[in-house]
1. Answer yes or no: is there a residue in the stretch 113-133 that is among the small types (Gly, Ala, Ser), in a loop (DSSP other than H, G, I, E, B) and over 26 Å from the mean Cα position of the chain (by Cα).
2. Residue check, Leu152 against (1) under 17 Å from the mean Cα position of the chain (by Cα); (2) closer than 20 Å to Pro260 by Cα; (3) at pLDDT 95 or above, all met but one. Which one?
3. Any idea which of (1) in contact with a Ser or Thr (Cβ under 9 Å, 6 or more places away or on another chain); (2) open to solvent by less than 60 Å² (accessible area, probe 1.4 Å) is the one Tyr302 doesn't satisfy?
4. When you scan the stretch 175-212, how many residues do you find that are within 22 Å of Ile155 (Cα to Cα), open to solvent by less than 40 Å² (accessible area, probe 1.4 Å) and part of a loop (DSSP other than H, G, I, E, B)?
5. Got at least one residue in the stretch 146-154 being of a type in the set (D, E, K, R), within 24 Å of Phe215 (Cα to Cα), in contact with a Gly (Cβ under 8 Å, 6 or more places away or on another chain) and surrounded by 16 or more Cβ atoms within 10 Å (Cβ to Cβ)?
6. Scan Glu239, Glu202, Glu224 and give me the residue that is at pLDDT 95 or above, acidic (Asp, Glu) and over 20 Å from Leu121 (Cα atoms).
7. Only one of Ala280, Ala275, Ala268, Ala246 is in a loop (DSSP other than H, G, I, E, B), of a type outside the set (Val, Ile, Thr) and closer than 23 Å to Ala207 by Cβ. Can you tell me which?
8. Within the stretch 43-95, which residues are part of a loop (DSSP other than H, G, I, E, B), closer than 21 Å to Ile127 by Cα and of a type in the set (D, E, K, R)?
Amino acid sequence: MVLGVLLNGLGLLGLVIVTGRVRHRWRAERDARLAAQARPWLLALIGGDDDVAEPLDRLSALGRREWRAIMPSALTLLAQVRGQGHDALALLFDRRGLAGDALRGLSARGAVARADAAYVLGLLGRIEAVPRLRRLLGDRDPQVRAVAARALGQIGDPVAAPDLIGCLSGARQVPAHIVVQALILLGPPARPALVAALARGEAPVRAVVVDVLGFTGGYAGSAEAVPALARAVASDPAEEVRARAARALGKMGTRECLDPLLDATDPAYPEAVRAEAARALGELGAVEAVPVLRDLLGAPGYRVPHSAAEALRELGPPAWEALRVAAADAEGPAGGGPVAAHAREALAVVELRRGVRPPVGAVARVRPPSGH
């Protein structure tokens, strides 16, 4: 009897599973049909035509089932399109009440609901959501914190910059790459907060901040960023921050960066900082640095002379001539030593870029000492 009850129970369970799968498949097919019927109006809405009144009215009047079926496609398009198409979609979502629903969803009990709400508000660029999104940067759920950080970057209100920087440390952090993306989206208006963080943040925070300044500092002048980065190169307590600051000066590409980078090649600076400064001079396109970089080819170790050779190969004919002079010792029986080898390697890259076949043996590579 027990076996019969068990078999009946198993049969009932199987029936429930099969019925559930059938219903799920039927709903999926129904939603696909409904979405297909509404998709032409959705495409017309973002198609760039001046008159979007009809597709907007049609989509605004969709029934609950039809709207639920087409909404995932509309959200995907909202994340992809810009300009008039984005504005038309945002207006559609306003008419459907999605912005209001999302604002209320920021206080939902479930983490998934809070993250979904933050995601929608970021896509819509709703600035009224900024205060509540800033609070969500301290949410107990890491996914919610990450989505809130992305949303703040998309909305673009620089008032959020200190909060985003604060997410780089503490018990409830946001991954650095997400914070960096958000801060870059905020652009130059976030620069004062970044400069302030260089003076008081922890070393890992300062390291991220100098990277962001390197990406954003040249957007609209460099009156604030260059002095802050120059101070970091010269005197930050952390060697990693100093090296990253040198790299950031090279990325900014302004003439004001030249003197701090030349200073950073001095032997009094750590090797990692000197190497990054040398490479940054090449990225900066500073032909005036050729004599300094030529001298650095003879610096001890591997990193500094190798970076100097890499920089020289980026600076055009005057620098290439300096490399040729340094490589001339390669004709001797000992092959010219490390200086000539660094120069030959850089020249080989130059010739390959110019479509000239390098001479045999020209790509002999200097190998760094073990441990580098």
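1. No: zero hits.
2. (2) is the only condition that Leu152 fails.
3. Tyr302 satisfies every listed condition except (1).
4. So the answer is 1.
5. Yes: one or more hits.
6. Criteria check complete, one pass: Glu239.
7. Testing whether each residue is in a loop (DSSP other than H, G, I, E, B), of a type outside the set (Val, Ile, Thr) and closer than 23 Å to Ala207 by Cβ leaves just Ala268.
8. Selection gives Arg82 alone.
The values are calculated or read from the model by the stated rules, or taken from the named source; none is laboratory data. Every value quoted in this text rests on a predicted model; they were computed, and no experiment measured them. Here the Cβ is made from the backbone with ideal geometry for all residues, glycine too, and neighbour counts use every protein chain on show. To get the accessible areas, we keep the full protein, side chains included, count just its heavy atoms, and leave off ligands, DNA and RNA. Shrake-Rupley method; radii C 1.70, N 1.55, O 1.52, S 1.80 Å.
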